[in-house]
Structures are given as structure tokens and as C-alpha cells.
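See below for the structure under consideration.
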Amino acid sequence: MTNPFQMLKTRIILIAASVIVVWLIFLLPKAVVENESQLKPVDSTTAKKDSHLPSGHTSASSAVVSRIKAMKAAFQNSSDKKNAIFADSLQSLYTQAGQFDSAAWFGEKAATFFNTTESFLKAGNSFYKAYTFAMDAQKQKMLAEKTREYLGKVIETDSKNYEARINVAMTYLSTGGPMQGIRLLKDVLSEDPKNELALFNMGILSVQSGQNKKAIDWLRQLIEVNPKHVQGQMVLGVAYMNDGQKKEARVQFEKVKKLDNDPAVQATVDSYLKDLK
């Protein structure tokens with residue numbers, strides 16, 4: 001399972017403090033191609049002739065690009081089960097390349113054929129990743145609905161898949177149902193009070209909405225569960241800083257410096273500490 005915090009450090013470093021929380025909400029890798037045609041539904045019997053097939057992306061490594069080109073050619077010239085197998089492989093390759101629109105397109109092709117919980121999970125996760133970077137409101141809504149469609153199938157089979165439930169919850173936050181998203185996150189925490197992803201997201205959402213005291217409460221719970229949660233410690237420092245608790249913020253940022261010696265993280269923390277002087 002993909003680590004939901006894997007690329008968070010990079011995003012903390014790359015974005016300014018004033019907008020950091022908006023990006024942190026999504027907890028996902030950083031590259032995606034915006035192309036609505038990539039997600040146009042295609043009938044499986046005509047897929048190999050469809051002009052809307054996702055194109056190769058040159059932003060990936062040359063090795064991955066070569067594999068995508070070869071695999072896509074095979075996909076366009078096959079049918080039935082082989083076609084689905086190629087689609088599944090292309091989903092993985094496009095995910096590796098950070099091209100989540102394309103990954104979602106092929107993921108749906110594979111899930112439609114295989115009709116398994118595993119294929120639904122892969123498709124749903126790809127749609128979720130694409131959703132988090134969609135800038136157009138209409139496209140964002142469509143991707144959110146696709147995420148809920150496929151991850152909903154997973155949840156029907158396994159209600160204890162908390163990551164799927166949390167991702168579904170997050171799709172409501174920018175598509176007209178923030179309170180429903182919050183309720184779903186709290187439902188997860190009622191069943192699993194130590195769920196790190198849910199606690200972290202509650203903290204992030206509280207900071208984003210200016211409810212810094214609530215954020216502090218959620219993030220304190222998180223670091224009680226996992227004191228080495230660098231991202232949680234960092235955002236807790238931001239919450240303290242936003243709440244005017246400079247002494248506590250300074251303590252938090254010093255903790256982050258001790259937890260992660262990455263030079264970029266150190267520089268980011270130093271910039272926060274400088275602001276507190």
C-alpha cells in the first residue's frame with residue numbers, strides 16, 4: 001500500500017507557509033497531466049481505435065516512457081483479457097510516472113474487466129490522486145465521483161479499509177460537502193481512535209479553516225500515537241504559530257529539526273524559527 005505521507009516532505013519544502021495547508025490536505029505525489037480527454041469513457045470493444053487514448057508523457061524517465069509506448073501499442077492491438085492485463089500494467093506505469101489522469105483512465109478499463117476488489121481499489125486510488133490535482137471545478141467533481149464510485153465498492157466489501165474511507169471523505173471537502181467529509185473522518189476515528197491518517201487530516205483541515213486550537217488538539221493526539229510523525233510535528237508547529245503561541249511553536253519546530261536532518265527540511269524549519277523571533 002502506498003505510504004500516504006511519502007511525498008509530504010517535498011510539498012512542505014516547495015510551498016509557502018501561507019498556502020502549505022491547502023496542498024497538505026491531499027497527501028499525494030506531485031505530478032499529473034491535466035487533460036480531460038484522457039478520462040473520456042470508452043467502450044471496451046472500440047478502445048483500441050479511440051482517439052482519446054492517453055498519450056505518452058515525456059516528463060517520465062526515458063525507460064518508463066519506452067515501456068509505456070510499448071505497452072500502449074500492445075493495448076491498442078489486443079482485446080478482452082489481454083487488453084485488461086495491458087491496461088492494468090499501464091495504470092502502474094503511469095502511476096510510476098506521476099501521470100494520474102492516465103493511470104485512472106487505464107485503471108477503469110482494467111477494473112471494468114476484472115471486477116475485483118483489488119482492481120476497484122487501484123482504480124479508486126488513481127482517480128483520487130488525479131482529483132487532488134484537478135484545477136477545473138467540473139473535472140474535480142467528476143474525479144471525486146469516480147473516486148467514490150470505485151472506493152465505495154471496496155468499502156462495501158471491507159468496511160475496515162480506513163484509508164479508502166478517509167480518501168472518500170476528502171473528496172467531499174472541495175465538492176460541496178465539507179461537513180459530510182468531516183463526519184466521515186470522525187466516523188473512522190470513532191472506530192479507530194489512533195488512526196494516524198484521519199488524525200492528521202483533521203488537524204490539517206482545522207488549520208486550513210482557521211480553527212487552530214482544534215488543530216492543536218487533533219495533532220497532539222496524533223503525536224501521542226506516533227511521536228516520530230514528522231509531518232504532524234511540523235503542522236502542529238504551524239498551528240501553534242498561527243494561534244500566537246510562539247514558545248510552543250518554537251519547541252515544535254526544534255523537535256522537527258531533531259527528527260529529520262534533511263537539509264531542505266532543516267532550512268524550512270529555520271525559516272519558521274526566524275519568523276518567530
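The values are calculated or read from the model by the stated rules, or taken from the named source; none is laboratory data. The model shown is predicted, which means the values in this text are computed figures rather than measured ones. Counting neighbours? That spans all protein chains shown, and the Cβs are built from the backbone with ideal geometry, glycine included.
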Do we find a residue being more than 22 Å from the chain's Cα centre (by Cα) and over 20 Å from LEU185 (Cβ atoms) anywhere in the stretch 211-221? no
Six or more apart or on different chains, Cβ atoms under 6 Å: show the pairs whose first residue is in the stretch 69-94 and in the same structural domain as PHE120 (by TED's automatic domain parsing) and whose second is of a type in the set (D, E, K, R) and part of a helix (DSSP H, G or I). GLN76/LYS48; ALA87/LYS109; LEU93/ARG67
Where a residue in the stretch 153-175 is touching a residue at least 12 places away in the same chain (Cβ under 8 Å) and its partner, wherever it lies, is surrounded by fewer than 19 Cβ atoms within 10 Å (Cβ to Cβ) and small (Gly, Ala, Ser), with Cβ under 7 Å and at least six apart: VAL168/GLY152
Has the stretch 78-89 got any residue that is modelled with pLDDT of 90 or more, within 24 Å of the chain's Cα centre (by Cα), over 16 Å from TYR150 (Cβ atoms) and outside any loop (DSSP other than H, G, I, E, B)? yes
I'd like to check which helices (runs of 4 or more DSSP H) are fully inside the stretch 160-277 and have at least 1 residues that are among the aromatic types (Phe, Trp, Tyr), surrounded by fewer than 23 Cβ atoms within 10 Å (Cβ to Cβ) and not assigned by TED's automatic domain parsing to the domain that holds LYS129. 263-276
Please indicate, with yes or no, whether at least one residue in the stretch 176-186 is farther than 28 Å from LYS139 by Cβ, within 20 Å of the chain's Cα centre (by Cα) and without any contact (Cβ under 8 Å) to a residue 60 or more places away in the chain. yes
Hey, SER126 crowded, with 24+ Cβ neighbours inside 10 Å, in contact with a Pro (Cβ under 7 Å, 6 or more places away or on another chain) and not β-branched (Val, Ile, Thr) or not: no
Which listed residue is surrounded by fewer than 18 Cβ atoms within 10 Å (Cβ to Cβ) and within 27 Å of THR157 (Cα to Cα), from ASN115, ASN77: ASN115
Single residue of ALA97, ALA164, ALA111 found to be farther than 29 Å from LYS214 by Cα, at pLDDT 95 or above and among the aliphatic types (A, V, I, L, M): ALA111
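Residues are listed down the side, and each one gets a yes or a no for (1) under 19 Å from VAL256 (Cα atoms); (2) at pLDDT below 95; (3) among the polar types (S, T, N, Q):
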{"position": "SER190", "(1), (2), (3)": "no, no, yes"}
{"position": "PRO193", "(1), (2), (3)": "no, no, no"}
{"position": "GLU196", "(1), (2), (3)": "yes, no, no"}
{"position": "ILE204", "(1), (2), (3)": "yes, yes, no"}
{"position": "ARG220", "(1), (2), (3)": "yes, no, no"}
{"position": "GLU224", "(1), (2), (3)": "yes, no, no"}
{"position": "GLN231", "(1), (2), (3)": "yes, yes, yes"}
